[in-house]
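A short worksheet on the structure shown next.
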Amino acid sequence: MRDAARHDLLTVAPAAWGPLLAQRPDLDGIPHLADWAARGWPVIVRRRGPGEDGTLVPAGLPLPPSLGKRRIGLTLPPAALRPRPGLTLAEARAAAPATWQPALDALLAHGAAHGRVPRVFGGLLWQALTGLPYLSATSDLDLLWPGPVRPAFLDGLADLAAQAPMRLDGEIGLADGFAVNWRELQAAGPGDTVLAKGLERLELRPVSALRAALTPAA
């Protein structure tokens, strides 16, 4: 399996899922978990925690709000995993509330105008993948936008966020596999730093360097 990045989706071999859960008695009896892999539902790559085995892939899955929104962290052997394409906003939009649809139209048009296709993560991703109720009236919409992007892209995204019925959140991907929160980057001053998140670590990076790295060549 190729090197994984945060937010990548992975399918776990059903034959490996039971033995993996057997090593986690703390997860015994949790609804939906025993047959998660058999249903074809994926896990998502997360940041590696301190002391976790570097030969295993850090992944996880969230439970729906009705089950406490618990986030279940796993470390999985690469041989049991298969990469799965991420879900784009266009692919996931049917699972979104009706009140979101005009905002989704605007986001898709904004992405198309800048040549960027957003992937979903967070509640909309899991509701679209599983059919379980992850979204509520107060849910955010989390999008991962591929970089590089021009300043006008971030300004336009902020304008759309101000008009949207839900909180619009998410990240801009960097070429080195890290990602930054688009709201933090858009609001930061030239002398500020912004947190960049990678698979193995977090880094504070100067805004000036980030904006230079995220701006496409003319």
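Annotations
- Backbone geometry of segment 204-211 corresponds, through the Karplus equation with coefficients 6.51, -1.76 and 1.60 at θ = phi - 60°, to 3J(HN,Hα) couplings of 8, 10, x, 4, 4, 5, 5, 5 Hz, x marking Gly and Pro.
- Additional length obtainable on full extension of the chain from ARG150 to GLU203, 0.36 nm per residue less Cα span: 16.9 nm
- Under conditions of 20 °C and 1.002 mPa s, segment 113-164 yields 171 µm² s⁻¹ as its translational diffusion coefficient, taking Rh as the Kirkwood radius over Cα pairs in the Stokes-Einstein equation.
- Backbone geometry of segment 181-188 corresponds, through the Karplus equation with coefficients 6.51, -1.76 and 1.60 at θ = phi - 60°, to 3J(HN,Hα) couplings of 5, 5, 5, 5, 5, 5, 8, 6 Hz, x marking Gly and Pro.
- Note on the chain: with neighbouring protein chains present and a 1.4 Å probe, carbon and sulfur make up 55 percent of its accessible heavy-atom surface.
- Tilt relative to the chain, helix 101-113 - C-alpha long axis, 0 to 90 degrees, to 10: 70 degrees
- Antiparallel DSSP beta bridges within segment 76-173, percent to nearest 5: 35 percent
- Think of it as helices only: each DSSP H run of n ≥ 4 in the chain is worth -39500 (n - 2.57), and spread over all residues that comes to -8000 deg cm²/dmol at 222 nm.
- Sequence-separation-based contact order of segment 73-218, relative, with Cα cut under 8 Å and 6+ spacing, percent: 18 percent
- When the charge dipole of segment 20-107 is built from unit charges on Cβ atoms (+1 for Lys and Arg, -1 for Asp and Glu) and taken about the Cα centre, the candidate among PRO62, HIS32, LEU20 whose Cα reaches farthest toward its positive end is PRO62.
The values are calculated or read from the model by the stated rules, or taken from the named source; none is laboratory data. Please read these numbers as outputs of a predicted model, since none were measured by experiment. So basically every Cβ, Gly included, is an ideal-geometry build from the backbone, and we count neighbours across all protein chains shown. Protein only, heavy atoms only, side chains kept; ligands, DNA and RNA dropped before computing areas. Shrake-Rupley method; radii C 1.70, N 1.55, O 1.52, S 1.80 Å.
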